[in-house]
Every structure is written in structure tokens, then in C-alpha cells.
Amino acid sequence: MRDSALLIVGHGSTVNPDSSAPTLAHAAEIRRRKIFAQVDCAFWKEEPSLRDSLSIFRDAREVYVVPNFISEGYFTQTVIPRELELNGSLTKRENGQVWKYCEPVGSHPMMTELLLQRASEIGRDVDLAPTSLLIVAHGTDLNENSAVAAKREVERIRALGKYAEVLNVYMEEAPRVSDWRTLTKSQNVIVVPFFISDGLHSYEDIPELLGIEKRGDVFGEPYKIDNRLLFYAPSIGTDPRFADIIVAQVENFRT
Amino acid sequence: MEQLLAAALSKGACNFGQIAVRKGFVLTHVDDVDLAQPETFRSPEDAIALAGFDDAGKYRPLKTAPNLRHGWRMELVDLGEVVRALDYFYPARLSILREWKEDRLETTPLRATLDRQSGMYRVAASISDEQIHEVVADVCRSDGGCLRRILWRRDASGTIPSTKLPPEKFEVPNEPLPLLCQEGCTILINECRKKVKAE
Ligand code: SF4
């Protein structure tokens with residue numbers, strides 16, 4: 001891959017810096033590893049734009065494009081191919097360049113392992129047998145299939161039989177985050193948001209739905225609520241190991 | 001990119017937007033060249049946070065807006081780091097400039113950008129020329145809007161998008177490192193959409 005370039009595509013935001021922050025951090029980490037000749041990001045709502053990347057990578061011979069998205073959907077299927085002028089997974093340009101369009105990060109099988117690691121780290125040494133794991137997704141996201149991806153992850157983790165229960169919960173549809181007290185039966189509850197970045201959802205909305213009163217640094221200590229122990233993790237996409245999965249998606253394309 | 005920068009620096013210091021690039025791989029705000037006690041940063045990645053907020057701590061959705069934060073100084077070790085920091089401050093602007101200097105920069109008329117939109121932005125394509133004239137003047141103006149010079153045209157006819165802005169806004173200035181705009185940005189497209197929806 002040393003002669004190849006890597007483009008990581010994020011959504012970005014015109015209202016807060018949290019959206020692009022993990023994508024920029026993963027890019028800096030992968031750049032530091034010197035695996036690729038060039039590593040850059042592009043965003044739909046921030047600079048550099050997707051269109052800018054046509055110029056940014058003008059001298060690259062081969063460009064791998066990895067969408068830093070949880071699932072296939074409107075952005076991976078419509079916006080990114082259109083803006084980058086991609087036709088399918090392999091695009092040969094007139095200037096001899098080849099652009100290779102990889103699957104979104106959230107689709108990689110390593111995601112299951114990462115969710116497990118994240119959950120066990122936030123839960124510290126808590127006994128998993130009396131513990132429920134909740135994976136939070138948006139729901140009602142017409143264009144995105146993030147709920148489908150979250151369901152797939154829950155099924156995989158459940159099949160491992162490590163936790164008493166593994167459940168999908170959503171912010172905007174049932175089963176709802178706010179119903180966690182009745183949805184779960186275990187003494188300990190670990191909550192992991194299956195999002196690409198932190199932001200209002202993970203800092204404020206989900207804590208509020210969970211009944212956490214603290215604001216700001218919400219991810220620290222476990223919370224004692226109704227005599228149960230609640231552990232709340234940052235969004236999965238902020239995990240530094242996401243960088244490994246981005247690289248793995250490139251390797252996935254090559255095999 | 002490093003060659004481009006080395007050439008620009010051949011006569012000593014030079015400015016890139018609101019950043020003063022000085023000998024010895026030092027960056028500051030152009031207003032802060034002689035600032036007595038700046039906060040000093042040494043990693044190019046520190047530029048992400050510096051570029052992210054204005055003096056009042058407000059998020060900067062457009063990095064080429066003329067509201068770069070003051071009070072900092074960046075001391076880097078080589079030209080490669082300077083390029084990386086400048087890429088965080090003004091993403092892709094060096095790449096675009098290089099293409100322009102090599103006479104191979106492609107610009108996209110605003111109408112082509114608008115016609116390409118889908119989903120909630122599709123409606124933006126029905127904006128009138130008169131509305132474009134207003135919106136571009138509002139969003140792209142150099143005082144308070146955006147420092148880039150606009151190289152794209154309104155449509156295939158080659159008409160300038162807004163005569164409300166001075167003619168220089170659509171020309172490349174005679175400076176070593178001008179900030180150029182080759183295609184309408186997401187913020188402009190969003191404002192076009194809002195304009196159409198408001199009528
Ligand atoms: S369209 Fe170009 S000039 Fe106008 S605000 Fe956006 S980046 Fe600046």
C-alpha cells in the first residue's frame with residue numbers, strides 16, 4: 001500500500017467540530033504509521049470538500065476511499081460517488097488514476113470485537129453474567145441503514161453468550177433508550193452509542209434519556225440509578241482503534 | 001506543495017490568508033507578528049483546534065472566513081510540517097493553488113454544482129440568477145464572509161455570479177499564496193437552498 005493514497009470521508013458539520021474530529025484524528029494516526037504514500041480526509045459539510053479531494057490526490061496513482069460511516073446509505077451510495085465521480089467500486093480516470101471505493105468502516109467484521117472491547121473497558125471489571133449491554137443507534141434515519149448495522153452487531157455479540165442480555169435501543173423509536181430500566185433486567189447495564197462521533201447526542205441527549213444528571217464529562221464513573229449500576233461509553237467512532245479498521249477496510253478491498 | 005511554499009518564502013516571510021508564514025517554520029496570525037507573549041504550539045495537529053474556533057470561542061464552519069483566532073504562535077520543524085499545519089488552517093487551498101499555478105485547475109460553474117445536488121438540496125437548483133446575485137454577495141463577501149477569490153462562474157455563459165461584489169473578488173491577486181475558490185462550497189449551496197425555500 002506504500003504507493004497508494006488513502007482518502008477517509010466523513011460527514012462533518014457546519015455547527016460543531018465534534019463531527020469531524022475523530023476522522024481527522026484517525027487520519028493523523030494512520031499518516032503517522034507511514035502505511036500509505038498520502039493520507040487525507042474530505043467531508044460533505046466541511047473543508048476539505050469531497051470535490052477538493054480530486055485536486056488533493058491529483059498526483060496519486062491509486063486512491064483508496066474509505067467512508068467513515070456506520071453503514072451503507074444515502075451518503076455512501078449517492079453523495080460520495082457523485083461528488084468524487086466514482087462509478088462503482090473501481091474507477092479508472094483519464095489521467096490513469098485508479099480510485100478504489102471501499103466499504104464503510106462500520107461494515108467491517110472487526111467492529112464487533114471493538115464494541116466488545118469498548119464495553120468491557122467502560123465496564124471495568126464488572127461481572128458480565130449479571131450485565132446487560134445496550135447498543136444505541138439513531139432510528140428513524142430514513143436514508144441510513146445504521147439501525148440495520150446496529151442490529152447485526154447486537155446479534156453477533158448476543159451469539160457469543162458473554163452478557164446476560166444484548167439489546168438494540170434507539171433514540172427516536174422503540175425500543176427506546178429511555179426505557180432501559182424496564183427493557184433490562186440485569187444489575188449492571190453498559191451503554192455504547194454506535195455512532196461515528198460524539199456530539200449533542202452522546203453528551204446530552206442520551207444521558208438525559210438514561211436519567212444521568214451529570215453534564216459535560218459524562219463518560220467517567222459508573223452511575224448508580226435505581227439501585228443499578230449504569231456504565232456509559234463514548235461513541236464507538238472516537239475509539240483510536242477505529243484507525244485499524246479503516247486500514248482493514250483497505251486490506252479487505254485488496255483481497 | 002513544499003516547493004510551492006519554498007518558492008513563496010524565497011523573499012522571506014509571506015502571508016497565506018490570515019496566517020503569516022515566517023522563516024524558521026513559524027506561523028502566527030498576520031496581526032500577531034510582533035505579539036509579545038503568544039501561546040506557543042509545536043505540533044501541526046494543534047492547528048485543528050486553532051482553526052476550529054474564533055476569538056469568541058465560536059465554531060468556524062468555514063475555515064477561509066476572515067475570523068481566524070489570535071494570540072497563538074506555531075513553531076514547527078520543517079516545511080513538511082508547515083504544509084500540514086496550513087492544510088488544517090485552510091484545507092486543500094495549497095493543492096488548489098498548485099493546480100492553478102500549473103494551469104490545470106478545473107472550476108465548476110455554480111449552476112452545475114446546484115444541478116448536481118440531491119435529497120434536501122435538490123431544490124436549490126431552482127434559484128434565480130437574481131437570487132444568486134444576492135446570496136453570493138452575502139455569503140462570499142471578503143469582509144465578514146470569505147477570503148477566497150472566486151474563480152467559478154454563474155453558469156456556462158461565463159457570467160460573474162454577483163456584480164454586488166467588487167470585480168477583484170473574481171480575479172487572482174498578485175500575491176504568492178492567494179486563497180482560491182474553484183467551486184461553490186456547502187455553505188453557499190445551503191444558503192441557495194434557504195433562499196429558494198424562503199420565497
Ligand atoms: S463559495 Fe467559495 S468564496 Fe463563497 S463562501 Fe464558499 S468557499 Fe468562500
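The values are calculated or read from the model by the stated rules, or taken from the named source; none is laboratory data. It should be emphasised that the depicted structure is a prediction, and the values quoted were computed from it without experimental measurement. Reconstructed Cβ throughout: ideal geometry from the backbone, glycine too, with neighbour counts over all protein chains shown.
Of all residues in the range B:165-186, those that are under 14 Å from residue B:139 (Cα atoms) have Cβ atoms under 6 Å from Cβ atoms of residues that are within 13 Å of the ligand (Cβ to nearest atom) and of a type in the set (S, T, N, Q), 6 or more apart or on another chain, in B:183/B:108; B:183/B:113; B:184/B:113. Exactly one residue out of B:122, B:104, B:154 is more than 12 Å from chain A (Cβ to nearest Cβ) and charged (D, E, K, R): that is B:154. Candidates in the range B:14-29 are the residues that are without any contact (Cβ under 8 Å) to a residue 40 or more places away in the chain and surrounded by 15 or more Cβ atoms within 10 Å (Cβ to Cβ); of these, the one that is farthest from residue B:174 (Cα to Cα) is B:22.
Among all residues of the range B:39-49, there is none that is within 16 Å of the ligand (Cβ to nearest atom), at pLDDT 95 or above and crowded, with 19+ Cβ neighbours inside 10 Å.
With respect to residue B:151, determine if the residue is in contact (Cβ under 8 Å) with a residue 12 or more places away in the chain, buried (at least 16 other Cβ atoms within 10 Å of the Cβ), away from the ligand (no atom under 14 Å from the Cβ) and under 28 Å from residue A:59 (Cα atoms).
On the way: in contact (Cβ under 8 Å) with a residue 12 or more places away in the chain: yes; buried (at least 16 other Cβ atoms within 10 Å of the Cβ): yes; away from the ligand (no atom under 14 Å from the Cβ): no; under 28 Å from residue A:59 (Cα atoms): yes.
Spelling it out, it is not the case that residue B:151 is in contact (Cβ under 8 Å) with a residue 12 or more places away in the chain, buried (at least 16 other Cβ atoms within 10 Å of the Cβ), away from the ligand (no atom under 14 Å from the Cβ) and under 28 Å from residue A:59 (Cα atoms).
Going by the conditions given, is residue B:65 in a loop (DSSP other than H, G, I, E, B), farther than 26 Å from residue A:31 by Cα, in contact with an Asp or Glu (Cβ under 9 Å, 6 or more places away or on another chain) and small (Gly, Ala, Ser)? So residue B:65 fits the description; yes.
Looking for something under 13 Å from the mean Cα position of the chain (by Cα), outside the structural domain of residue B:75 (by TED's automatic domain parsing), within 14 Å of the ligand (Cβ to nearest atom) and under 30 Å from residue B:43 (Cα atoms) - is there at least one such residue anywhere in the range B:120-142?
Kept after step one, since they are under 13 Å from the mean Cα position of the chain (by Cα), are these residues of the range B:120-142: B:139-142.
Pick out the ones that are also outside the structural domain of residue B:75 (by TED's automatic domain parsing) and you get B:139-142.
From what is left, the residues that are within 14 Å of the ligand (Cβ to nearest atom) are B:139-142.
Those still in the list that are under 30 Å from residue B:43 (Cα atoms) too: B:142.
Checked against the condition, which is being under 13 Å from the mean Cα position of the chain (by Cα), outside the structural domain of residue B:75 (by TED's automatic domain parsing), within 14 Å of the ligand (Cβ to nearest atom) and under 30 Å from residue B:43 (Cα atoms), the range B:120-142 yields at least one hit.
Pairs only if they're at least six apart or on different chains, beta carbon under 8 angstrom, first in the range B:30-57 and under 18 Å from residue B:146 (Cα atoms) and within 14 Å of chain A (Cβ to nearest Cβ), second surrounded by fewer than 14 Cβ atoms within 10 Å (Cβ to Cβ) and not aliphatic (A, V, I, L, M); list them, first residue then second. Listed pairs, sorted by first residue: B:52/B:59; B:53/B:59.
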